[in-house]
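Novice: Before I ask anything, let me first share the structure, which is written out below as structure tokens.
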2 protein chains.
Amino acid sequence: MTISSLDDLRAQLRQLPGPDNQALEKANAREPQLTKPPGSLGRLEQLAAWLSAWQGTHPPRMERPRARVFAGNHGVVGKGVSAYPSEVTQQMVYGFEAGTAAINQLCKTFDIELQVVALDLDRPTADFTQAAALTEAEFVDAFNAGMDAVPAETDLICLGEMGIGNTTSAAAICHALYGGHAADWTGAGTGVAGAAMDIKIAVVGDGVTRHQAAIHDGIDALRHLGGRELVAIAGAIVAARQNRVPVMIDGFISSAAAAALEASQPGALDHCQIAHASAEKGHRQLLEVLNKQPLLDLGMRLGEGSGAALAVGLVRAAVDCHRGMATFAEAGVSDKED
Amino acid sequence: MTISSLDDLRAQLRQLPGPDNQALEKANAREPQLTKPPGSLGRLEQLAAWLSAWQGTHPPRMERPRARVFAGNHGVVGKGVSAYPSEVTQQMVYGFEAGTAAINQLCKTFDIELQVVALDLDRPTADFTQAAALTEAEFVDAFNAGMDAVPAETDLICLGEMGIGNTTSAAAICHALYGGHAADWTGAGTGVAGAAMDIKIAVVGDGVTRHQAAIHDGIDALRHLGGRELVAIAGAIVAARQNRVPVMIDGFISSAAAAALEASQPGALDHCQIAHASAEKGHRQLLEVLNKQPLLDLGMRLGEGSGAALAVGLVRAAVDCHRGMATFAEAGVSDKED
């Protein structure tokens, strides 16, 4: 799958497939028969049903979870918005390839296949206080790279990112989409504080002010203020929907990329779960706007898809319970006295 | 390890070993060297340090997690406090043995060794509205069964329970220890509502009123209002501390058993994490009193140690990140610009 232009993307968003209601009904029929008080596995029960609906199969499967980490560089880093230099993006990609970063350990822990997609790291986006971050052609390339990264044979795809400067980009997207003050959406990222934080807030505000008139939907916001890794995440989300692959979104940056799709096409994220509430400022507010309840809340704010990988354990547990538990009839357990 | 009497238990509680500060310091020294912004793995970083401190070793290990599910029956069920009959306790134990319950699937998912300890299921405790639930001899037997269930070669022990009627028992323990109204601590359990819920609340209140004068500490509350599986959980917590085994406590009932120890000896739960905030009424309030922050909050209320098993994924992830990630120096990644 590919898109040929922004308008082609908009057309594809209007055609997204819905859930498989037959698979969903089968999940909902099996759940109350399992040997436990009704509802007592809480969110795990919902995850099993959600997975069935969006995989389009019952029982749901969790044998082939995959993670994709997209990396990009940001011209806006020249403004002094990050505690780390841009070279760290490439250095961390080397770490992903060497297997030494957090996401590598987490993918080993939860048996997740991992691929890292570095997107033109030697060609940062334009500084969005000066110009649109990406041209339409650059957007299309990054989006297609994201679409291309989702094999159909995937039971769940975890999406994450690496990109020095990309919390600035994510904050600007949220500010453009949902208003408020730049400071409402701007957090410490890798650890900026004091004067650097003032600069970061000003940069977010300046970027949105500069482009607001040209931003008519989420896709516009993503092109003017985003980065290649955010665009690729959006591409992966769309391709996953078209391929019947449920999505696990990581933290603030991934959610901001996702939000751009939801802003363009309400319901575009129905096949997505948000893995965790990031400690990065703005994420909780964004989750409220998106009406998404995160699975985990552990004070994490690393990115790399780390929260999404961690949530795979929960989804696998949900599937294993739904598939493996006996029914009251099978187990000869007395059902509720009523 | 065993206890010979309640007073022997009280003496042992005064002698509990503390954390290994040397192992803790090593964990705290390694963490900021790992290739991520400081603190960005949030609670996972704290879990790695906590595990080191209470295992008494650095790096921490997670190769041998075990789960113990204790089962007991409750005389108070005769009062009509549960939606299921007492026979279900034994039926669910058969399910645990056959591998068909939720806890079996979760232990498979997370590679946890599981043992189920059924405690005199044909001899329910006394109805605590009429007499103390357990005699001292019965308490000592159940406590020692719990102590006996914790091998020294254990990296983390998950504690859970099964026992029709035991949310009534747990609510009564909390009400006795922390006051308030019986209704504050009494929830739906397996699913009671309406008139049955009124009975359950009255039973909790009656039990506490009957025994309050005889309850001088947490141990007394546990004997008068508890059940064998709750006492065994307390025993396992104490044995784990003595054996340098960190503990993962499950939900409301397990937490109530644990609370009895903390009430008798503040600090007795320092080697314990609470796996999740149960949907059972009373648990959040109990966690606040205990000053414990749960790891998960997924609307679960099954018991069986199901939340504790689910949290093993998080602890293993914490250990894998702490052990496996490269340091900035090893990876050649530029550290923060300050």
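Novice: Kindly establish whether A:ILE249 is of a type in the set (Val, Ile, Thr) and within 14 Å of another protein chain (Cβ to nearest Cβ).
Specialist: It is false that A:ILE249 is of a type in the set (Val, Ile, Thr) and within 14 Å of another protein chain (Cβ to nearest Cβ).
Novice: Has the range A:249-270 got at least one residue that is under 11 Å from the mean Cα position of the chain (by Cα) and surrounded by fewer than 24 Cβ atoms within 10 Å (Cβ to Cβ)?
Specialist: yes
Novice: Looking at this structure, is B:SER254 closer than 23 Å to B:VAL88 by Cβ and among the hydroxyl-bearing types (Ser, Thr, Tyr)?
Specialist: yes
Novice: Pairs please, first residue from the range A:305-328 and closer than 20 Å to A:ILE112 by Cα, second anywhere and among the polar types (S, T, N, Q), Cβ atoms under 6 Å, 6+ apart in sequence or on different chains.
Specialist: These pairs meet every condition: A:ARG316/B:THR109; A:ALA317/B:THR109; A:ASP320/B:GLN105; A:ASP320/B:THR109; A:CYS321/B:GLN105.
Novice: Let me ask something additional. Give the residues of the range B:33-56 that are farther than 23 Å from A:LEU296 by Cα and surrounded by fewer than 21 Cβ atoms within 10 Å (Cβ to Cβ), sorted by residue number.
Specialist: The answer is B:GLN33, B:GLY56.
Novice: Pull up the range B:102-125, narrow it to residues that are within 14 Å of chain A (Cβ to nearest Cβ) and of a type in the set (Val, Ile, Thr), then point me to the one that is surrounded by the most Cβ atoms within 10 Å (Cβ to Cβ).
Specialist: B:ILE103
Novice: Only one of (1) assigned to a helix (DSSP H, G or I); (2) more than 23 Å from B:VAL231 (Cβ to Cβ); (3) among the charged types (D, E, K, R); (4) within 14 Å of another protein chain (Cβ to nearest Cβ) fails for B:LYS36. Which number is that?
Specialist: Against the list (1) assigned to a helix (DSSP H, G or I); (2) more than 23 Å from B:VAL231 (Cβ to Cβ); (3) among the charged types (D, E, K, R); (4) within 14 Å of another protein chain (Cβ to nearest Cβ), B:LYS36 comes up short only on (1).
Novice: Another one. Would you list the helices (runs of 4 or more DSSP H) that sit entirely within the range A:252-338 and hold 3 or more residues that are at the interface with chain B (Cβ under 8 Å from one of its Cβ atoms)?
Specialist: Values: elements: A:252-264, A:283-290, A:306-324, A:328-331.
Counting at least 3 such residues, we get A:306-324.
Novice: Filter the range B:126-152 for residues that are of a type in the set (Gly, Ala, Ser) and surrounded by fewer than 24 Cβ atoms within 10 Å (Cβ to Cβ); which is farthest from the other protein chains (Cβ to nearest Cβ)?
Specialist: B:ALA137
Novice: Which ones in the range A:68-85 are within 10 Å of another protein chain (Cβ to nearest Cβ) and either within 22 Å of the chain's Cα centre (by Cα) or surrounded by 24 or more Cβ atoms within 10 Å (Cβ to Cβ) (or both)?
Specialist: Correct list: A:SER82 only.
Novice: Has the range A:180-193 got at least one residue that is touching an Asp or Glu at 6+ places or on another chain (Cβ under 9 Å), more than 14 Å from chain B (Cβ to nearest Cβ), modelled with pLDDT of 95 or more and surrounded by 18 or more Cβ atoms within 10 Å (Cβ to Cβ)? Even if it seems obvious, please write down each step before you answer.
Specialist: Let us first name the residues in the range A:180-193 that are touching an Asp or Glu at 6+ places or on another chain (Cβ under 9 Å), namely A:182, A:187-189, A:191.
Next, from what is left, pick out any that are more than 14 Å from chain B (Cβ to nearest Cβ): A:182.
Subsequent filtering for residues that are modelled with pLDDT of 95 or more retains A:182.
If we keep only those that are surrounded by 18 or more Cβ atoms within 10 Å (Cβ to Cβ) too, we end up with A:182.
Yes, the conditions are met somewhere in the range A:180-193.
Novice: Which one of the conditions (1) modelled with pLDDT under 95; (2) in a loop (DSSP other than H, G, I, E, B); (3) out of contact with any Lys or Arg (no Cβ under 7 Å at 6 or more places or on another chain) does A:ALA196 fail to meet, given that it meets all the rest?
Specialist: For A:ALA196, the failing item is (2).
Novice: If I filter the range A:233-244 for residues that are within 25 Å of A:ALA83 (Cα to Cα) and of a type outside the set (Lys, Arg), do I get at least one hit?
Specialist: Yes; the residues of the range A:233-244 include at least one that is within 25 Å of A:ALA83 (Cα to Cα) and of a type outside the set (Lys, Arg).
Matching residues to (1) charged (D, E, K, R); (2) in contact with a His (Cβ under 8 Å, 6 or more places away or on another chain); (3) over 19 Å from B:SER254 (Cβ atoms):
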site	(1), (2), (3)
B:LEU106	no, no, no
B:ILE112	no, no, no
B:ALA118	no, no, no
B:ALA132	no, yes, yes
B:GLU138	yes, no, yes
B:ALA145	no, no, no
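Novice: Do we find that A:ASP198 is charged (D, E, K, R) and free of Cβ contacts under 8 Å to residues at least 24 places away in the same chain in this structure?
Specialist: So A:ASP198 fits the description; yes.
Novice: Considering (1) more than 9 Å from every other protein chain (Cβ to nearest Cβ); (2) touching a Lys or Arg at 6+ places or on another chain (Cβ under 9 Å); (3) farther than 30 Å from B:LEU298 by Cβ; (4) small (Gly, Ala, Ser), say which one A:GLY99 fails and leave the rest.
Specialist: (1)
Table: residues versus (1) touching a Gly at 6+ places or on another chain (Cβ under 8 Å); (2) more than 29 Å from A:ALA101 (Cα to Cα).
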site: A:MET248; (1), (2): no, no
site: A:GLN273; (1), (2): no, no
site: A:ALA279; (1), (2): yes, no
site: A:ARG284; (1), (2): no, no
site: A:LEU295; (1), (2): no, no
site: A:ALA311; (1), (2): no, no
site: A:ALA317; (1), (2): yes, no
site: A:ALA331; (1), (2): yes, yes
site: A:ASP335; (1), (2): no, yes
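Novice: Here is a follow-up. Report, by residue number, each residue of the range A:117-135 that is out of contact with any Leu (no Cβ under 9 Å at 6 or more places or on another chain) and polar (S, T, N, Q).
Specialist: A:THR129, A:GLN130, A:THR135, listed by residue number.
Novice: Tell me which of these B:PRO85 doesn't satisfy, since it passes every other one: (1) farther than 14 Å from B:GLY165 by Cβ; (2) modelled with pLDDT under 95.
Specialist: That leaves (1) as the condition not met.
Novice: Another one. Of all the residues that make up the range A:131-142, how many are free of Cβ contacts under 8 Å to residues at least 12 places away in the same chain and within 20 Å of A:LYS79 (Cβ to Cβ)?
Specialist: The total comes to 1.
Novice: Give just the number: which of (1) in a helix (DSSP H, G or I); (2) in contact (Cβ under 8 Å) with a residue 60 or more places away in the chain does B:GLY189 not satisfy?
Specialist: The number of the failed condition is (1).
Novice: A further question on this structure: For the range B:105-124, indicate whether the set of residues that are out of contact with any helix residue (DSSP H, G or I) (no Cβ under 8 Å at 6 or more places or on another chain) and either at pLDDT below 95 or small (Gly, Ala, Ser) (or both) is non-empty.
Specialist: Within the range B:105-124 (the criterion being out of contact with any helix residue (DSSP H, G or I) (no Cβ under 8 Å at 6 or more places or on another chain) and either at pLDDT below 95 or small (Gly, Ala, Ser) (or both)), the answer is no, since none of the residues qualifies.
The values are calculated or read from the model by the stated rules, or taken from the named source; none is laboratory data. Computed from a prediction, not measured in an experiment: that's the story for all the values here. Reconstructed Cβ throughout: ideal geometry from the backbone, glycine too, with neighbour counts over all protein chains shown.
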